[in-house]
Each structure stands twice: as structure tokens, then as C-alpha cells.
1. Can you give the FRET efficiency for Ser38 and Asp249, using 1/(1 + (r/R0)^6), R0 = 30 Å, r = Cβ-Cβ distance, to the nearest 0.05?
2. Tell me, rounded to the nearest percent, the portion of alpha carbon pairs in the range 146-261 spaced more than 23 Å apart.
3. Please sort 251-259, 10-18, 355-363 by packing, taking for each peptide the average over its residues of neighbouring beta carbons within 10 angstrom, highest first.
4. So, in nm, how far is label Ser114 from label Glu501 when the simple model puts each one 7 Å beyond its Cα toward the Cβ?
5. Report, in whole Å, the centroid distance computed from the Cα atoms of the range 467-481 and the range 132-169.
6. Using only the Cα atoms of the range 545-666, build the gyration tensor, take square roots of its eigenvalues as a ≥ b ≥ c, and label the shape rounded, prolate or oblate: rounded if a/c is under 1.5, else prolate if a/b is larger than b/c, else oblate.
7. Would you calculate, for the chain, the mean residue ellipticity at 222 nm contributed by helices, counting each DSSP H stretch of 4 or more residues as -39,500 (n - 2.57) and dividing by all residues, to the nearest 500?
8. Under a point spin-label approximation (7 Å from Cα along Cα-to-Cβ), what is the Asp121-Ala654 distance to one decimal in nm?
Amino acid sequence: MIPSTEILIIGGGITGLSIAIELKLRGATPLVLCRNFSEAATHAAAGMIAPQAEALPAGPMLDLCLRSRDLYPDWTSKLEEISGLSVGYWPCGILAPAYETVSNSPPHPLTPSSSPAFWLDKTAINVHQLGLGEDVTGGWWFPEDGQVDNRALARALWAAAEALGIEVREGVTVEFIAQRHGQVSSVRTNSGDFQAQHYVLATGAWSNQLLPVPVYPKKGQMLSLRMPATSDGQSPYSGTLQRVLYGKDIYIVPRRDGRLVIGATSEEVGFTPGNTPAGVQTLLSRAIRLYPALQHYPIEDFWWGYRPATPDEWPILGPSLCDNLTLATGHYRNGILLAPATAGLIADWILHQKSDPLLAHFHASRFFTSQPATASLQTSHKNADSMLTYPTPIQANSALTVQDSALTIAGKTFHSRLMTGTGKYRSIEQMQQSVIASNCQIVTVAVRRVQTKAPGHEGLAEALDWTKIWMLPNTAGCQTAEEAIRVARLGREMAKLLGQEDNNFVKLEVIPDSKYLLPDPIGTLQAAEQLVKEGFAVLPYINADPMLAKRLEEAGCATVMPLGSPIGSGQGITTAANIQIIIENSKVPVVVDAGIGTPSEAAQAMEMGADALLINSAIAMAKHPAAMAKAMGMAAEAGRLAYLAGRMPVKAGASASSPQTGTIAD
Ligand code: GLY
């Protein structure tokens with residue numbers, strides 16, 4: 001047994017080293033175990049300090065990233081002072097060129113009030129940055145974002161650790177974390193066992209090889225070019241590219257030493273190593289489209305790395321199920337940016353058990369609030385607060401086999417993939433019971449019916465707990481785009497009255513046809529365009545038309561909601577082939593709406609890969625609505641799990657269930 005240390009940090013990437021240095025500066029004695037630094041995401045990254053360019057939606061994650069960006073100047077100068085090395089921190093700003101035409105100077109929807117962002121039109125962006133691709137039509141300028149040379153930063157972290165007398169052991173692989181009575185008792189490594197008073201897990205994409213945390217690798221391929229030197233031959237390329245370019249699925253990061261870093265693919269291929277022709281081709285063609293001059297620069301290097309992704313793309317920070325183990329992992333795309341904030345928060349937590357209110361949003365517990373699968377109809381919403389904020393991955397049991405990401409619509413995450421409605425119930429009590437039994441989090445409400453106090457719609461404000469249920473106002477009853485736009489605005493006011501100040505959602509229905517209640521595609525698109533401009537998160541109800549779905553997505557809609565069959569018909573998914581195409585092509589969530597009559601049809605839609613369902617009539621018109629609601633909730637979950645699990649291939653012939661070869665006994 002190796003002698004006990006005070007704090008053992010497992011992982012020697014930027015997160016582990018930054019925490020170690022922070023702890024040491026506060027008087028503690030950390031020891032860092034590092035398996036192979038060259039594999040760390042730290043080494044692979046581009047080093048962007050880009051909370052705004054990454055377009056993080058408002059909320060705790062953006063707050064954490066902005067806080068970390070603010071810490072960067074002081075944190076890096078302290079490291080430079082301790083290590084004597086430059087880290088290449090450069091608050092050069094990030095320009096995010098766009099190819100789509102955006103109407104004049106729109107307010108950036110994600111801009112925090114404290115951080116400026118400027119929309120530049122085509123003329124302005126070409127003055128601001130020479131050499132952009134011809135089809136760039138404008139773009140955002142984020143002057144406070146920037147970059148750091150992540151490899152220089154890593155060298156400085158190692159040197160600072162050494163200068164401070166922190167022991168960092170390279171080449172040590174932790175194989176097992178031994179636990180007893182809710183405590184880590186030791187860690188087993190390829191160099192013997194280690195013991196400590198406290199442990200920190202900071203092993204990035206490899207974290208769930210040691211603990212059952214939902215972190216998985218998302219591979220990024222990258223490459224670098226060499227920018228030409230300026231004509232005076234003195235300084236390397238100080239001429240044109242003086243800021244990061246962050247385009248659609250591509251970024252180009254000019255370093256002060258003349259390197260041009262280009263990234264990155266985003267691939268769910270596990271730990272498959274290597275650069276691929278397809279990956280490199282994609283990067284180069286996107287980069288050349290954005291900044292054509294680089295097509296002539298010499299290529300210097302190719303590499304890849306694994307981002308530590310989590311289901312909600314937020315890091316996992318703070319306490320674990322063991323009292324003496326703290327988690328600092330899952331930083332996904334923002335590990336370099338988040339290093340200083342992570343180090344500060346984790347040191348506060350370990351040394352003083354001081355938890356900044358922000359830290360609570362990043363606890364691992366957010367992934368483990370799944371509800372018991374009881375057959376009872378008494379399902380309560382006692383966990384609903386946390387469920388509303390945090391996604392719940394599907395957990396088969398502790399041997400977690402499939403990872404799911406949350407349903408995210410317009411930046412808001414929901415653990416349930418079933419939405420229900422309030423219409424057609426025989427009593428308000430049945431509606432209340434059904435909403436609860438379905439375990440849904442989104443309930444759609446017809447604004448017009450509330451206004452006219454249609455039966456079942458009076459007392460709606462009191463009938464449901466609107467602190468836990470997200471209201472989705474819908475424009476049912478509107479025959480034209482103009483009417484729907486007007487009713488959507490009323491819906492927003494209605495949400496405010498229910499205390500949902502930030503609710504900008506609208507389920508857009510433009511339905512001139514009273515027999516089949518089929519939506520008008522042209523009116524829907526017109527209304528959607530207008531409502532998106534007014535800042536609504538638009539969820540349009542449409543026929544299952546893949547081209548229309550694409551147009552609505554391009555118009556900025558938050559989802560598309562194709563119908564399975566006519567509203568209230570209970571005919572099931574008669575449009576399956578078209579819905580499948582919509583699912584295949586869509587970048588926004590696809591919510592199958594209307595026509596589902598039974599749980600098997602609900603499961604069918606989810607098995608096809610729909611992101612969510614909206615079911616009203618099949619529940620409200622069932623003999624026992626609450627029981628049907630419960631069944632629909634379970635079907636949505638089962639269908640989703642089956643989709644993630646991947647069905648067996650369909651075969652023409654039989655295949656014995658007990659084959660004679662390949663059994664365990666062979
Ligand atoms: N931070 C950029 C990326 O992960 O690709």
C-alpha cells in the first residue's frame with residue numbers, strides 16, 4: 001500500500017491539474033494520478049473560450065461558463081507567474097459568420113445582458129474580417145469570447161504543479177475504486193493501491209469505466225495548418241486572421257505562433273481512434289467555405305480526441321454517493337473554458353463543504369431521480385421540481401446500458417417525452433388525474449377555449465400545478481395565420497398569468513378544414529415565420545410532409561409536430577413512411593401529434609425515433625382516462641428505450657433461439 005495522501009486526484013487533464021493547483025494554493029496536499037496525458041481532451045482541444053459563440057442557452061450552464069470566462073485573465077496570469085511559461089491566452093473575440101439570411105439586426109436570443117454581442121450584416125462583416133467566403137451573409141461578433149493555447153496551458157499547468165511541489169504521477173492507470181460503507185477506501189492502480197482522505201474523479205471521457213456516471217466519449221477530429229508569414233518575414237501572419245471564426249459546425253482558431261487550428265467533428269463512435277478521410281474532408285470543406293484563403297496553407301498535423309459528454313451536456317460537479325469522493329467530469333465541449341471555475345468550486349466544496357448555489361445544478365444526482373415503475377395510479381409529482389430542470393437518463397438498473405439525452409425544446413429540458421392536453425375530458429377531475437398518471441410535463445391548452453370558458457376550461461389555472469407542468473398554449477380554432485398569431489400572443493400572456501414568465505412556447509395550429517381538421521401548410525409557415533421573429537418557440541402542428549417540416553425548421557421552429565392521422569380519429573400512425581423521413585432529416589425534435597389511439601401506437605412512434613408524443617383524445621375518451629394516461633406514459637418510455645436499445649434485424653427465415661454454436665459453454 002502506498003502511503004496515504006490528503007487528496008487524491010484521479011485524472012491529470014486540465015480539470016484534475018487545475019483542481020490540484022487550486023487546492024495546493026489553499027494549503028492542501030493533493031496527489032495527481034495521470035494515465036496518459038497525450039490522450040486527454042485537454043491536448044486535443046482548440047482552446048476556445050466561447051460561452052457566447054457556443055450559443056449556450058440562458059441558465060446555470062451559461063452562468064457557469066461566463067463566470068469561468070471572467071476568471072480567465074487573472075487565472076492565466078497567476079499560472080504564468082508560477083510556471084514562468086506563457087499560456088497564450090488571447091481575448092481576441094469570436095466572429096460567428098452565418099450563411100442564412102437573417103432579417104436586419106435581430107437581437108441575439110441568447111445574449112446575456114452583461115455580455116455584448118453585435119450582429120454584422122454582409123457589408124459590415126466583410127469590413128470587420130477580410131477573406132470570408134462569398135456566401136457568408138452576416139454574422140455575430142462576440143468581442144468578449146477568445147482563446148487560449150490549450151497545449152501551452154497544459155505545459156504551464158504541469159510546470160506550475162511542479163513548482164508548487166505537487167506530486168503528479170504519469171503512467172498510473174486507476175483500475176478500480178474500492179468503496180466501503182459509503183466511503184472510498186482505496187484505489188487500485190497498475191502501480192499499487194493508493195489511499196487518501198478525499199478523492200476527486202476527473203477522468204473525463206473515461207469516467208464511467210470507474211464509476212457508473214453517465215459520461216461517454218464524443219469524438220472530435222481536428223487538424224492544423226500553418227499560416228503564411230507576413231511579407232516582412234518578421235512576425236508570423238499578423239495580417240488578416242486576428243480572431244476566431246466560428247461557423248456552422250466548424251471553427252478556425254488562429255494562434256499567435258502562426259498555427260491555424262481547425263475543428264471539429266462530433267462523432268458517437270466510442271473510443272474508435274484515428275482521423276478518417278470523411279472526417280478530414282468534412283472539416284476542410286467547411287473551413288474552405290468559411291475562409292477560402294486557407295485552401296493554400298500547408299497542413300501541419302491531424303489529431304483527434306474524446307469529449308466527455310453527458311446526457312444534458314452539462315458537467316458533473318460536486319458530491320457523489322461516497323462522502324469522500326468529489327466528481328469533476330463531463331465537461332463535454334467546454335473543459336478548457338470551465339477549468340478556473342471548476343477548480344474554485346471544487347476546492348470550496350472539498351475544503352469547506354461550501355457549496356456555491358450554482359454548483360447544485362451540476363450534481364450527479366440530477367441523473368438519478370428516476371421514478372419507481374409502479375403500477376399504481378397514485379404516481380405523485382414529489383420529485384417534479386428536480387425532474388423539470390434535469391433530464392433523467394433511462395436506467396435499466398445499476399448496470400446502465402443505454403444513455404439517453406433529455407428532450408430539449410428551445411433550450412428547455414424535459415424528462416418526459418409525453419405531452420398531453422386538457423380537452424374532451426368528462427370532468428376536470430379526470431383531467432387532473434390523467435395528467436398526473438401520465439407523468440407528463442407539458443400540457444397543451446387551447447387559448448381560445450380558455451378565453452371563451454369552454455366546458456372543462458374554467459378553473460384551469462387552479463386545476464394543475466403550473467410550477468411543475470409547463471403550459472403549451474395552442475392556437476386551436478384558428479383558421480388563418482393572422483388569427484393564429486393573435487392567439488399565440490394571448491397564449492403568452494396566459495402563461496404569464498400562470499406564473500410562467502419565461503414561457504414563450506406556442507403550439508401553432510392553423511386549421512381551415514373542419515371535417516378532417518387538416519392544417520394549412522402555407523398559413524402555418526407564414527404564421528411560424530412571424531412568430532419566430534417575435535421570439536416565440538414555435539411548435540407547429542403539420543401534416544406529415546417532410547419538405548414542409550424542413551421549411552419550418554429552417555424558419556426557426558423549435559420542433560415539428562407531424563400528425564399520425566387526423567386529430568381525434570384514433571386511427572394510429574397512418575403516415576409512418578413520411579414521419580420516418582421527417583425524423584431522419586430533422587435537426588429539431590419531432591413530436592408525433594394526433595391520431596394515436598393506443599399505447600402500442602404510441603410505442604410504435606417512439607420506436608421509429610420520434611422525440612416525443614402529444615396525446616389527448618386517446619386518453620380523455622378512454623373508459624378509464626387516468627389508467628390510459630398511465631399506459632401511454634409507459635408506452636412512450638418503452639418505445640424510447642426500445643429505440644435506443646436497437647431492434648433485432650428482420651430475417652426472411654427462422655433462426656433457432658438455442659443455437660448449437662457460440663454458446664457460453666463452447
Ligand atoms: N469546444 C469545441 C469542441 O468541443 O469542439
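1. Numbers: r = 26 Å, r/R0 = 0.87.
The value I calculate is 0.70.
2. Details: 3725 of 6670 pairs.
Result for the distance tail: 56 percent.
3. Values: 251-259: 20.6, 10-18: 29.8, 355-363: 16.4.
My ranking of the peptides, most packed first, is 10-18, 251-259, 355-363.
4. Distance between the two pseudo-spin positions: 1.8 nm.
5. Centre-to-centre (Cα) distance: 45 Å.
6. Values: a/c = 2.46, a/b = 1.46, b/c = 1.68.
Oblate shape, in that a/c is at least 1.5 and b/c is the bigger or equal ratio.
7. On the way: 18 runs with 202 residues, N = 666.
Taken over the chain, the calculation gives -9000 deg cm²/dmol.
8. Here the modelled spin labels are 7.3 nm apart.
Bear in mind that the values in this text are calculations on the coordinates, not laboratory data. Predicted model, so just to flag it, every value in this text is computed and none were measured. No Cβ is skipped: glycine too gets one built from the backbone with ideal geometry, and neighbour counts run over all protein chains shown.
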